[in-house]
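S.K.: The following block contains the structure, expressed as structure tokens.
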Amino acid sequence: MRPGELREVADVLVVDDERVVCASCARILGDEGHRVTTTQDPHEGLRLAAANKPDVAIVDLKMPGMDGIQFLRRIKEISPSTEVMIITGFAEIQTAVQAMKLGAFDYVPKPFSPDQLLIAVAKMQQRLRLESENARLRGELQQRYRFDNLVGRSPRMQAVYALLERVAPTDSTVLIRGASGTGKELVARAIHFNSARRAARFLPVDCGALSESVMESEMFGHARGAFTGAVSARRGFFEVADGGTLFLDEIGNIPLAVQSRLLRVLQEREFKPVGATETVKTDIRLIAATNRDLEGMVGRGEFREDLYYRIHIVPVQLPALRERKEDIPELAMHFLAKHREATGCRATTISAEAMDLLLKHQWPGNVRELENTIQRAMVLCTGEVITPEQLPVEVRHVAPAAIGPVAQTWEELKAIKHRLQEELVMEAERRFVIAALERSGGNATHAAEAVGMLRPNFQALMKRHGVRREEV
């Protein structure tokens, strides 16, 4: 970073008992456009800090009446957001290091050049901007995931919101259940950002995307040399999420061997990384989600009964979109507004005919399918209204818009019939693939076996219809 590159104005307070140092700082920083206030009296400096809350305070370490360490402690009480830089002589470097341990951002040794001073102030400005940006982003996240921002006014969803408002302030484990695409992760984030852990990390983990061979290491971390390739120690999810919320999506995909370790860490709040001898403490809130029949899995011995009861403390059932169709208009308009900027679409509304088709569709992919449908329609739309022509064939296949103009000859009618048959077969295949993957928790091998297909043929169908495991 070169001096003069950061031209943003900072409010700077300079406190030094030497008049020449105050004057030099005022000249150097003033020439860069910063607003500078100087004083040779540390008590006056504290009064100025209390009144003006400066961005940066540059303070001499050795001053009569109050040294820099005392000044640092006092100004952090008066104006905690003010960054403090210590001016120190060579013999006082150790004391300057102590000041940094007490909260000073940096120190500059005497005598200092204009470049040294400008670079130090620029670094402090950068830190202030990052802290301000982080605070803004945290505020936006909290605003975004407020319960009253969740879309849906149907009685089913209002009951869900009422339950979430009661459980969010607690540390209770939550199990979110619902079909794929119903918004389980969105609900988990809402719980986190409405809890006392909102300032800490929310860590989502897709258990269906982790192979059994690496899951234990990913969950609990490993020590250096724990296995071939473990060239360094690595923290697992339970350590990374310490103090925050760990969201285990598709928890039914966790193998039995790892389930026993998961149960222990939930009970004892400690664990051993793979290959380690020392235990690690963790303080996390667990939110789990699944679209699988855990009760059936317990009966078949595929899921531990004691773990099931451990995570089933507060169950939240999300209804499928077809069970709350009265929410479709509000959701559709929400997605229209959400994707307007990204798609560059001018549409501000949805025609009555298009909305009627949206209401009649069964939405096997739930809210995610509706969002994708609206986003696709916006890409195709060139006007200000979404019409049936921009909706996919599976939504409009029974509407006249899907059939097209009335055939005028036998050959035209045969062509229309062939096209419609092909489109409906394609849609039937797509739904077949998605349903099989949903039943198998996203595992293509298990899905192929369950429907009686060879895995390569099943994967070819997935590729043909653009179905990805992570979207199921």
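The values are calculated or read from the model by the stated rules, or taken from the named source; none is laboratory data. If you're wondering where the values come from, they're calculated on a predicted model, not measured in any experiment. As a convention, Cβ positions derive from the backbone with ideal geometry for all residues, glycine included, and neighbour counts pool all protein chains shown.
S.K.: Is it the case that region 263-272 has a residue that's assigned by TED's automatic domain parsing to the domain that holds ALA199 and closer than 20 Å to LYS184 by Cβ?
M.R.: Scanning region 263-272 turns up at least one residue that is assigned by TED's automatic domain parsing to the domain that holds ALA199 and closer than 20 Å to LYS184 by Cβ.
S.K.: Looking at region 403-423, which of the residues that are out of contact with any helix residue (DSSP H, G or I) (no Cβ under 8 Å at 6 or more places or on another chain) and either of a type in the set (Lys, Arg) or surrounded by 15 or more Cβ atoms within 10 Å (Cβ to Cβ) (or both) is modelled with the lowest pLDDT? Spell out the reasoning first.
M.R.: Applying the first criterion (out of contact with any helix residue (DSSP H, G or I) (no Cβ under 8 Å at 6 or more places or on another chain)) to region 403-423 yields 405-406, 408-415, 417-419, 421-422.
If we keep only those that are either of a type in the set (Lys, Arg) or surrounded by 15 or more Cβ atoms within 10 Å (Cβ to Cβ) (or both) as well, we get 414, 417, 419.
Working: LYS414: 87, LYS417: 84, ARG419: 81.
Selected residue: ARG419.
Residues checked against (1) modelled with pLDDT of 95 or more; (2) under 26 Å from ILE434 (Cβ atoms); (3) under 26 Å from the mean Cα position of the chain (by Cα):
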| residue | (1), (2), (3) |
| --- | --- |
| ALA276 | no, no, no |
| THR279 | no, no, no |
| ARG304 | yes, no, no |
| VAL316 | yes, yes, yes |
| ALA320 | no, yes, yes |
| GLN362 | no, yes, no |
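S.K.: With a cut-off of at least 2 residues that are modelled with pLDDT of 85 or more and buried (at least 17 other Cβ atoms within 10 Å of the Cβ), name the helices (runs of 4 or more DSSP H) lying wholly within region 32-108.
M.R.: 42-52, 68-78
S.K.: How many residues, within region 355-369, are closer than 11 Å to LEU391 by Cβ and touching a residue at least 40 places away in the same chain (Cβ under 8 Å)?
M.R.: Within region 355-369, residues that are closer than 11 Å to LEU391 by Cβ and touching a residue at least 40 places away in the same chain (Cβ under 8 Å) number 1.
S.K.: May I ask you to list the residues in region 266-297 that are buried (at least 21 other Cβ atoms within 10 Å of the Cβ) and under 30 Å from VAL231 (Cβ atoms)?
M.R.: Within region 266-297, PHE271, PRO273, THR282, ILE284 qualify.
S.K.: Also, I was wondering about something else. Scan region 211-255 for residues that are within 23 Å of GLU438 (Cα to Cα), under 19 Å from the mean Cα position of the chain (by Cα) and part of a loop (DSSP other than H, G, I, E, B) and report the count.
M.R.: 1
S.K.: May I pose another question? I'd like the full set of residues that are in a helix (DSSP H, G or I) and touching an Asp or Glu at 6+ places or on another chain (Cβ under 9 Å), limited to region 335-358. So that I can check it myself, show each step before the final result.
M.R.: Filtering region 335-358 down to residues in a helix (DSSP H, G or I) leaves 335-338, 340-343, 352-358.
Within region 335-358, PHE335, LYS338, ALA354 meet the criteria.
S.K.: While we're on this one: For region 193-210, enumerate the residues that are within 15 Å of the chain's Cα centre (by Cα), without any contact (Cβ under 8 Å) to a residue 60 or more places away in the chain and either surrounded by fewer than 15 Cβ atoms within 10 Å (Cβ to Cβ) or within 29 Å of ASN443 (Cβ to Cβ) (or both).
M.R.: Hits for region 193-210 are ARG201, PHE202, LEU203, PRO204, VAL205.
S.K.: Another one. Determine whether region 230-238 contains at least one residue that is assigned by TED's automatic domain parsing to the domain that holds ASP293, of a type in the set (Val, Ile, Thr), touching a residue at least 40 places away in the same chain (Cβ under 8 Å) and on the phi < 0 side of the Ramachandran plot.
M.R.: So far as region 230-238 goes, no, none of its residues is assigned by TED's automatic domain parsing to the domain that holds ASP293, of a type in the set (Val, Ile, Thr), touching a residue at least 40 places away in the same chain (Cβ under 8 Å) and on the phi < 0 side of the Ramachandran plot.
S.K.: Quick check on region 301-334: of everything there that is β-branched (Val, Ile, Thr) and part of a helix (DSSP H, G or I), which residue is surrounded by the most Cβ atoms within 10 Å (Cβ to Cβ)?
M.R.: Residues of region 301-334 β-branched (Val, Ile, Thr): 311, 313-314, 316, 328.
In the following step, the residues that additionally are part of a helix (DSSP H, G or I) were identified as 311, 328.
Numbers: ILE311: 23, ILE328: 21.
By that ranking, first place goes to ILE311.
S.K.: What are the residues in region 169-192 that are buried (at least 23 other Cβ atoms within 10 Å of the Cβ) and either more than 15 Å from ALA320 (Cα to Cα) or outside the structural domain of ASP206 (by TED's automatic domain parsing) (or both), if any?
M.R.: Listed by number, the residues that qualify are VAL174, ALA188, ILE191, HIS192.
S.K.: Looking only at residues that are of a type outside the set (D, E, K, R) and touching a strand residue (DSSP E or B) at 6+ places or on another chain (Cβ under 6 Å) in region 192-206, which one is farthest from LEU164 (Cα to Cα)?
M.R.: Filtering region 192-206 for residues that are of a type outside the set (D, E, K, R) and touching a strand residue (DSSP E or B) at 6+ places or on another chain (Cβ under 6 Å), the one farthest from LEU164 (Cα to Cα) comes out as VAL205.
S.K.: Moving on to the next point. Give the residues of region 19-37 that are in contact (Cβ under 8 Å) with a residue 60 or more places away in the chain and over 16 Å from ASP60 (Cα atoms), sorted by residue number.
M.R.: ILE28, LEU29, GLU32, HIS34
S.K.: Still on this structure: In region 7-31, which residues are in contact with a Cys (Cβ under 6 Å, 6 or more places away or on another chain) and assigned to a loop (DSSP other than H, G, I, E, B)?
M.R.: ASP16
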